[in-house]
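K.L.:
Below you will find the structure I want to go over with you.
Bear in mind these aren't lab numbers, they're just calculated from the coordinates by the rules spelled out. Since we're looking at a predicted model, the values are computed, not measured. Cβ sites come from the backbone with ideal geometry, for glycine too, and all protein chains shown count toward neighbours.
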Amino acid sequence: MNWAAIWAIYKVEMMRFFRTLAQSFISPVLSTSLYFVVFGAAIGSRIDQVDGVSYGAFIVPGLVMLSVITQSISNASFGIYFPKFIGTIYELLSAPINFLEVVLGFVGAAATKALFIGLVILGTSSFFVDLEIQHPVAMISFLVLTCLSFALFGFIIGIWAQNFEQLQLVPLLVVTPLVFLGGSFYSISMLPAVWQKITLFNPVVYLISGFRWSFFGTADVPIGLSLLAIATFTCLCLAAIWWIFRTGWRIRN
């Protein structure tokens, strides 16, 4: 394993993040505050508790997951797309490093950025509601796994995209709606029976449910299914990336 190459890629990607650190810090703080004003105050005044948890605290895991998923995808997709756009990806392909080292550098940096944003949102939320994390180890584990898995997915999108419009297509039209419909701001038990069954086909439900369980000890689906879902998604992304580098799809041409 060429750790020097991994560190070089990782450092370059993180330097780009630190150049806009103020923007990266202020944006999630403002967006989280607005969510609490709109959802916590307006809707929370009409919904007292959900599963024995105050509504303001209930939406915190969903807010964190929403930002972490979107940030992981956008950071990883742009990180690999930009070298394709300017042509420097051929320097990576000709360097004495394998695909795993390239992926670790780009995905590791994207996951680190998303993890930072998630922790910032979590810290901001503590100013609005009283948070009690029942399973802190599980919370960190779910957060890290989500950052890594969706950074891998974003890496695939960055390779697939042939222009900046396609780069935003999947996150805006597919991922964001799935997150909003995945129980970010409500419990699926509040839905009619038919819609509860339909919602279970949304893979994001299992991620948000497992993450919420680490906070409050309650979940819409069994915690084992949540772990299985994120493990399966991660393995599928790794398999797809292995195939991409093996065949050179959308890279060498």
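K.L.:
How far is helix 136-160 tilted, in degrees, relative to the longest principal axis of the Cα atoms in the chain, given as a value from 0 to 90 rounded to the nearest 10?
P.N.:
50
K.L.:
Please work out the ratio of the alpha-carbon Rg of the stretch 65-147 to 2.2 N^0.38 Å and round it to two decimals.
P.N.:
The reported ratio for this selection is 1.38.
K.L.:
Please give the helix 223-247 orientation as an angle from the longest Cα principal axis of the chain, in degrees from 0 to 90, rounded to the nearest 10.
P.N.:
20
K.L.:
Which lysines, if any, have their Cα less than 19 Å from the Cα of Lys84, not counting same-chain residues under 8 positions apart?
P.N.:
Hits, sequence-local ones excluded: Lys11.
K.L.:
Name the trypsin sites (Lys or Arg not before Pro) in the stretch 1-86 that are in a loop by DSSP and that have at most 16 other C-beta atoms within 10 Å, would you?
P.N.:
Hits after loop and neighbour filter: Arg46.
K.L.:
Take the alpha carbon atoms of the stretch 76-218, find their radius of gyration, then divide it by 2.2 N^0.38 Å using N residues; give the quotient.
P.N.:
Normalised Rg, Cα atoms only: 1.24.
K.L.:
Quick one: Tyr206, Tyr35, fewest Cβ neighbours within 10 Å first, how do they rank?
P.N.:
Fewest-to-most Cβ neighbours within 10 Å comes out as Tyr35, Tyr206.
K.L.:
Still on this model: Using a cut-off of 19 Å between alpha-carbon atoms, which aspartates and glutamates can reach Lys113, once sequence neighbours fewer than 8 places away in the same chain are excluded?
P.N.:
Output for Lys113: Glu13, Glu101.
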